[in-house]
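The values are calculated or read from the model by the stated rules, or taken from the named source; none is laboratory data. Note that the structure is a prediction, hence the values are computed from the model and not measured. So basically every Cβ, Gly included, is an ideal-geometry build from the backbone, and we count neighbours across all protein chains shown.
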């Protein structure tokens with residue numbers, strides 16, 4: 001009887017009319033050693049119940065081992081249980097989870113066993129207080145271990161999914177974690193154009209010298225600069241960048257960072273450059289130099305520029 005009681009309400013949700021509201025669900029902070037994962041939810045209306053599957057990328061259910069705890073579901077005294085990769089949550093006394101205010105909020109901690117390489121949410125069903133099924137958008141599969149450059153306990157891709165962070169150039173690194181940002185990501189050689197660079201080494205490097213360099217030969221293994229490795233392979237283009245600082249196509253590629261450790265530079269490409277360059281990717285990165293010791297102090301992430309027709 002217990003099994004029938006739990007599942008019948010959600011059989012109704014599947015055929016109920018659909019609300020115009022929307023919910024976003026995602027996984028974050030999967031700790032294999034502790035056997036817990038966090039589920040985050042963004043909801044603009046109260047939530048009366050939820051059900052979803054937790055599987056790996058191949059579709060094999062992840063072994064959930066008991067009752068969820070904490071989060072907004074815990075605050076609302078929801079009953080949350082995971083069995084055979086299926087998670088169910090609702091209130092015996094018809095409590096609801098309030099709207100999250102447009103930001104992802106921890107829904108629940110879920111215990112599990114095993115060593116999954118990825119975690120996927122699917123077959124998500126969410127109910128509002130009047131029994132309507134709310135449309136759900138679930139983040140894509142989360143690969144483990146997570147990438148969390150801003151150290152908020154949530155995978156960087158999930159941050160982008162929820163709009164908490166941005167990755168405007170689509171390189172897989174959050175904009176807030178990059179010492180170097182470059183826009184646009186591509187330039188047509190037929191028309192030419194300008195790529196602008198924003199440098200941010202942090203206030204701890206205010207007033208230091210910076211040198212922006214480039215490579216047409218990729219970023220690995222990079223070029224050793226003292227104790228650091230610049231993520232650019234040395235080639236003729238890097239030599240050209242060194243010989244042409246602040247001249248020709250380069251503007252402010254060798255200068256001082258401001259009082260916040262920031263700077264700006266640009267690369268201007270004229271039209272009708274050699275067509276043999278079409279399809280190639282140029283990478284740029286910078287290093288900073290501490291003035292008193294005149295030694296290297298920071299190397300940035302590489303920023304890409306695709307050369308198109």
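Among the residues of region 88-139, not one is touching a helix residue (DSSP H, G or I) at 6+ places or on another chain (Cβ under 8 Å), exposed (fewer than 14 other Cβ atoms within 10 Å of the Cβ) and either part of a strand (DSSP E or B) or not assigned by TED's automatic domain parsing to the domain that holds residue 29 (or both).
The set of residues in region 1-56 being farther than 18 Å from residue 87 by Cβ and either modelled with pLDDT of 95 or more or touching a helix residue (DSSP H, G or I) at 6+ places or on another chain (Cβ under 9 Å) (or both) consists of 46 alone. In contact with a helix residue (DSSP H, G or I) (Cβ under 9 Å, 6 or more places away or on another chain) and on the phi > 0 side of the Ramachandran plot, is that true of residue 172? So residue 172 passes the test. Put simply, of 89, 85, 74, 102 the only residue that is in contact (Cβ under 8 Å) with a residue 24 or more places away in the chain and under 18 Å from residue 44 (Cβ atoms) is 102. Among 309, 209, which is surrounded by 13 or more Cβ atoms within 10 Å (Cβ to Cβ) and touching a residue at least 60 places away in the same chain (Cβ under 8 Å)? When all the criteria are applied, what remains is 209. Scanning region 57-75 for residues that are in a loop (DSSP other than H, G, I, E, B) and surrounded by fewer than 19 Cβ atoms within 10 Å (Cβ to Cβ), we see that the one that is modelled with the highest pLDDT is 70. The condition of being closer than 22 Å to residue 177 by Cβ, touching a strand residue (DSSP E or B) at 6+ places or on another chain (Cβ under 9 Å) and at pLDDT 95 or above holds for only one of 256, 260, 267, 232, that being 232. Each residue in region 136-158 was checked for being at pLDDT 85 or above and within 8 Å of the chain's Cα centre (by Cα), and 1 of them qualify.
Annotation note: of 297, 266, the sole residue that is touching a helix residue (DSSP H, G or I) at 6+ places or on another chain (Cβ under 9 Å), in contact (Cβ under 8 Å) with a residue 40 or more places away in the chain and in the same structural domain as residue 234 (by TED's automatic domain parsing) is 297. Quick check on region 175-183. Is at least one of its residues loosely packed, with under 14 Cβ neighbours inside 10 Å and either touching a helix residue (DSSP H, G or I) at 6+ places or on another chain (Cβ under 8 Å) or outside any strand (DSSP E or B) (or both)? For region 175-183, residues loosely packed, with under 14 Cβ neighbours inside 10 Å and either touching a helix residue (DSSP H, G or I) at 6+ places or on another chain (Cβ under 8 Å) or outside any strand (DSSP E or B) (or both): absent.
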